[in-house]
Amino acid sequence: MSIQTFTASQVLTAAQMNTLQANDYNQTVSNKTASYTLVAADKGTRVVMNVASANTVTVNTSLFSAGDTLVIQNIGAGVTTVTAGTATVSSAGPLTIAQYGSGTLYFTSAGVSLWFPSAGPAATSGLTFISKTTLTAATQHNLLNVFSATYDHYIVRFTNFSVTTGSVDMRYGTSGTPDTGSNYSNNGIYNDSAQVSTASNQFNASFNRLVGNSSANMGTFLEISSPFLTQKTTFTVSNSSLGGAAIIGNLIRGTVNTATSYTDLVLFSSGDISGVISIYGLANS
């Protein structure tokens, strides 16, 4: 039970007192299986996130008062990010909550809150795991809310990555909407097992090319710089694969030629894409 309000001369029953005392020692728990926006009833409770992919807890104003607190925990594989909606969220530590992490959200006014992570400030260097997703065979995959203000640079690792036909292309997106209007440019070098090298250039297109041919069992490593920042997003990808009878290696670099802030990564092809994709954030300093 969340915190209750009692009026003057109201009789406090034994059952109510037992419930309130129980909440002091064992907070009311609500389990969430998707990104969640806090409501007034969350005051004094424990919000537990159990989501397999990256997710958010959004904090809005005019729901809580000065002195109100609540606990946020994460038991899912996806990293939870405490996100300022219409309210302000400040912290000396990270706003991300890794699996089995937690923290306390404390309000100094109706629209201002402080986040106190239980693990303390994040390390100042190294990679932080964000999400791992199994891509079931489909022509498009939208990876939502994988970019945030917490990191400027990201490492993406593909395992057992395959496409049945055609190339694999990528776009960035925001709030579930792919950016098809910006100009994307890239150039790459492709080497096959006969040691024949070819260069490919692509300018002012509506996507970046990630893999240039239908391949199976690709080993692919992608680095993305500044996707969430409102500036040009750049990337570098290297991969080796088996295309038909040839062993193929690719090195591709590219950019989005507009200054846009993105939260999503979108992969698409004329054929089915499958595999496992793991995303890591690289600390800003």
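The values are calculated or read from the model by the stated rules, or taken from the named source; none is laboratory data. As the structure is a computational prediction, the values presented were derived from the model and not from experiment. Please note: Cβ atoms are built from the backbone with ideal geometry, for glycine as well, and neighbour counts cover all protein chains shown. Only protein heavy atoms, including side chains, enter the accessible area calculation; ligands, DNA and RNA are left aside. Shrake-Rupley method; radii C 1.70, N 1.55, O 1.52, S 1.80 Å.
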One residue from N250, N160, N204, N183 being open to solvent by 60 Å² or more (accessible area, probe 1.4 Å), modelled with pLDDT under 90 and farther than 22 Å from G281 by Cα:
N204
Go through (1) at pLDDT 85 or above; (2) of a type in the set (S, T, Y); (3) in a loop (DSSP other than H, G, I, E, B) and name the single condition S270 misses.
(3)
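Listed residues S118, S113, S131; which is buried (at least 17 other Cβ atoms within 10 Å of the Cβ) and touching a Ser or Thr at 6+ places or on another chain (Cβ under 6 Å)? Before you say what the answer is, go through the steps one by one.
Numbers: S118 fails: buried (at least 17 other Cβ atoms within 10 Å of the Cβ); S113 fails: touching a Ser or Thr at 6+ places or on another chain (Cβ under 6 Å).
Result of the check over S118, S113, S131: S131.
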Check on A77, in contact (Cβ under 8 Å) with a residue 40 or more places away in the chain, out of contact with any Asp or Glu (no Cβ under 8 Å at 6 or more places or on another chain), under 22 Å from T150 (Cα atoms) and of a type outside the set (D, E, K, R):
yes
Does T198 satisfy being modelled with pLDDT under 95 and at negative phi?
yes
Within the set of pairs 6 or more residues apart or between chains, which connect a residue that is small (G, A, S) inside segment 35-51 to a residue that is part of a strand (DSSP E or B) and open to solvent by less than 40 Å² (accessible area, probe 1.4 Å) with Cβ atoms less than 7 Å apart?
S35/N55; S35/T56; G44/L70
Restricting to segment 82-98, give me the number of residues that are at pLDDT 90 or above and surrounded by fewer than 16 Cβ atoms within 10 Å (Cβ to Cβ).
4
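Check S225, S285 and return the single one that is under 22 Å from the mean Cα position of the chain (by Cα) and at pLDDT below 80.
On the way: S225 fails: at pLDDT below 80.
That would be S285, the only listed residue that is under 22 Å from the mean Cα position of the chain (by Cα) and at pLDDT below 80.
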For segment 61-77, what are the residues that are in a loop (DSSP other than H, G, I, E, B) and buried (at least 16 other Cβ atoms within 10 Å of the Cβ)?
T61, L63, F64, D68, G76, A77
